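See below for the structure under consideration.
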Amino acid sequence: MLTTLPTAFFFVAALTVVLTGIYKSGFAGGLGVMQVPILSLFVTPQFAAAVVMPILLIMDIWIVWHYRRHWQGRVVAMMLPGAFAGLALGAIGFSWMSAEVIRLAVGIMALMLVAGFVLLGPPAARSRTTPAPVVFSLGAISGFTSFIAHAGGPPVKGYLLSQNMEKSQFVGTNTMFFFVLNAIKTAAYAGMGQLTWCSLQVSAIIAPMLVAGIFLGTYLHGRLDQNSFVKLVYGFLALTGVKLIWDSAPMLLGT
């Protein structure tokens, strides 16, 4: 199958790796949700997800090392129990759950978080206390939607933004959380037969573009002030929400 893939596929795949590297290393992700839908223009969504999975894990390992002194273990520990429950439910429902419904719901959630920022002001102007059941629920939603639809970012970013973290702590905490989730997902995908020799070959071909993406992301991260960083993350969150709704709504409406 490797030789039958068009050159355009590899070009687009490499570009999405660079962009995802920028977003994840500089702004804790946001538009990484683009990868699978864009690659699905050339291959099946299942194959696209298999190609992306190991790259995300390698990316997380690299970024975790870079931000190893800039993350809040307490926050990650609070969210992981819910995330583990969500991953388990996602694995159970993977074969029959509609990914489009999940993407639509998460897209709406992302836009609601952005609306709260616009209407209520930045997180620093609001309470930083979030009840434990809410944190558990956000972790569970993130784990579930991450496994089913690769869309686990908005619930976590909404919670992290409410904690008014310094920008490097925000990126480091987000990356550490998703490193754990992506490690579990990679093992689960392998066990379910989603990772194949062909998908791993494609991953290996485009993986070197990680270097450019992560370099650019960390470069931009160091040159943004805290206020601009928060606004940019919310901007990415808004684009993510629009992208999820744009992709899922026509499928659900049959148009």
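The values are calculated or read from the model by the stated rules, or taken from the named source; none is laboratory data. These numbers come from a predicted model, not from an experiment. Backbone-built Cβ (ideal geometry, glycine too); neighbour counts: all protein chains shown. Only protein heavy atoms, including side chains, enter the accessible area calculation; ligands, DNA and RNA are left aside. Shrake-Rupley method; radii C 1.70, N 1.55, O 1.52, S 1.80 Å.
Counted residue by residue at 0.36 nm each, then reduced by the alpha carbon distance between them, the extension gain from Phe42 to Thr130 reaches 27.4 nm.
Think of it as helices only: each DSSP H run of n ≥ 4 in the chain is worth -39500 (n - 2.57), and spread over all residues that comes to -26000 deg cm²/dmol at 222 nm. The value of relative contact order for the chain, using C-alpha pairs under 8 Å at least six residues apart, is 39 percent. The slack in the chain from Ile61 to Ala207, taken as 0.36 nm per residue of separation less the alpha-carbon distance, amounts to 51.2 nm.
Measuring r between the beta carbons of Ala115 and Gln226 and using R0 = 25 Å, the FRET efficiency lands at 0.70.
Computed over the Cα atoms of segment 97-244, the ratio of the radius of gyration to the Kirkwood radius (Rg/Rh) comes to 0.99.
Taking a point 7 Å out from the Cα of Phe94 in the direction of its Cβ, the residues of segment 41-55 whose backbone N falls within less than 18 Å of it are 44-55.
Determine the share of segment 154-255's accessible area contributed by carbon and sulfur atoms, expressed in whole percent, with a 1.4 angstrom probe.
Details: 3120 of 4420 Å².
Result for segment 154-255: 71 percent of the exposed heavy-atom area is carbon or sulfur.
The lysine pair count for the chain, using Cα distances under 18 Å and pairs eight or more places apart or on different chains, is 9.
Whole number in Å², please: accessible area per residue of segment 4-78, 1.4 Å probe, ligands, DNA and RNA not counted.
Values: 3090 Å² over 75 residues.
Accessible area per residue: 41 Å².
When only the Cβ of Lys, Arg, Asp and Glu is charged (+1, +1, -1, -1), the dipole of segment 146-255 relative to its Cα centre reaches about 60 debye.
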